[in-house]
1. Where the convex hull is taken over the Cα atoms of the stretch 59-99, what is its projected area averaged over directions, in nm²?
2. Does the stretch 21-146 come out rounded, prolate or oblate, given a ≥ b ≥ c as the square roots of the eigenvalues of its C-alpha gyration tensor, rounded meaning a/c under 1.5 and, failing that, prolate meaning a/b above b/c?
3. Straight-line reach from Lys4: which lysines fall under 25 Å, measuring Cα to Cα and dropping same-chain residues less than 8 apart?
4. Rounded to whole Å and sorted largest first, what semi-axes of the equivalent ellipsoid does the C-alpha gyration tensor of the stretch 96-186 yield via the square root of 5 times each eigenvalue?
5. Test of understanding: what is the full-extension gain from Asp259 to Thr14, defined as 0.36 nm times their sequence separation minus their Cα-Cα distance?
6. Where does the stretch 18-87 land on Rg(C-alpha)/(2.2 N^0.38 Å)?
7. How large, in percent, is the carbon and sulfur part of the accessible surface of the stretch 38-114 at a probe radius of 1.4 Å?
8. Using the structure shown, list the pairs from Lys210/Lys241; Lys61/Lys120; Lys275/Lys317 with a Cα-Cα distance above 18 Å, or answer none.
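The values are calculated or read from the model by the stated rules, or taken from the named source; none is laboratory data. Since the model is a prediction, treat every value here as computed from it, not as a measurement. Heavy atoms of the whole protein, side chains included, go into the accessibility calculation; ligands, DNA and RNA do not. Shrake-Rupley method; radii C 1.70, N 1.55, O 1.52, S 1.80 Å.
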Amino acid sequence: MKDKNSIIDTAKYTIEMESKAISNLSNLITNDFAHTVNLIYNSKGRVIITGIGKSAIIANKIVATLNSTGTPAVFMHAADAIHGDLGLILKDDVVICISKSGNTPEIKVLVPLIKSAKNKMIAITGNIDSFLGQQADFVLNAYVEQEACPNNLAPTTSTTAQLVIGDALAVCLLELRGFSSNDFAKYHPGGALGKKLYLRVHDISSINEKPKVNLDTSIKNIIIEITEKMLGVTAVVENKKIVGIITDGDLRRMLTKVDDFSNLTAKDIMSANPKHINVDAMAVDALEIMETNGISQLLVEDNGNYAGVVHLHDLIKEGII
């Protein structure tokens with residue numbers, strides 16, 4: 001077995017080689033890149049991205065990135081395309097072909113078919129003088145001097161370069177479209193990222209019980225209210241307005257300070273002016289308030305009136321944390 005230092009050296013070498021190749025890509029960006037971005041932005045169709053082998057895997061990832069940032073895209077495997085899948089390409093679609101060499105047999109068969117249909121075609125290739133590079137309307141140069149593979153065979157540095165070119169396209173298109181965090185949330189409603197961008201306090205607090213007592217509520221009834229509502233807290237409310245909060249911790253601290261609490265009421269043990277948040281605020285803002293103040297429950301207001309409680313456990317359950 002290799003010793004750990006040798007393994008670490010190989011890992012560092014791979015990362016450094018790929019990072020240098022990526023850095024050099026900025027020197028290879030030409031007007032063709034700008035023309036490609038404008039072509040896709042102004043297109044009435046979709047972006048069809050094709051490739052074979054490892055380039056096909058990169059194509060899939062670029063498709064996913066474009067779709068999630070507002071540019072409709074579809075993956076088409078180059079081998080399948082010449083066996084019937086060319087029907088995926090519609091009149092107004094823009095086609096991106098990804099190939100390191102630009103000279104694979106599948107690409108040589110596919111390219112003339114795309115051109116005969118008069119679809120605009122962009123090449124992402126490491127060889128701008130290749131068959132693909134010469135036939136494409138625009139060429140995005142993904143040249144790398146060497147693969148990280150010690151045999152200079154396994155696609156490593158080259159596929160990383162292709163991926164970065166795809167990311168650059170997606171980001172440029174994202175900016176042209178004015179794609180916002182709200183737009184991102186629409187395309188990612190099921191994930192934690194999306195929830196941080198669209199989930200509001202009301203979506204969570206409306207499901208919970210709404211524990212509340214008034215200023216003159218007895219200790220016994222405060223304990224009953226907190227226990228029954230199972231949130232470890234109750235609001236102290238007067239004329240629908242929040243005037244204080246009582247937590248499990250407040251009750252425990254009260255017990256350590258007094259011997260006779262039979263005559264105590266909510267106003268004697270509550271914390272006045274508690275932290276609170278509006279029902280329309282983002283759930284992630286509630287989390288920030290909790291983290292900043294070291295609390296696990298936050299009272300909720302609606303137009304200045306008490307509206308419920310949001311608990312740290314609710315945020316964890318929703319994947320906000």
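1. In nm², the orientation-averaged hull projection of the stretch 59-99 is 3.1.
2. Note, shape of the stretch 21-146 comes out rounded.
3. Lys12, Lys20
4. Each semi-axis is the square root of five times an eigenvalue, giving 26, 21, 10 Å.
5. 81.2 nm
6. 1.27
7. It is 59 percent, rounded to a whole number.
8. Values: Lys210/Lys241 13 Å; Lys61/Lys120 21 Å; Lys275/Lys317 22 Å.
Pairs exceeding 18 Å: Lys61/Lys120; Lys275/Lys317.
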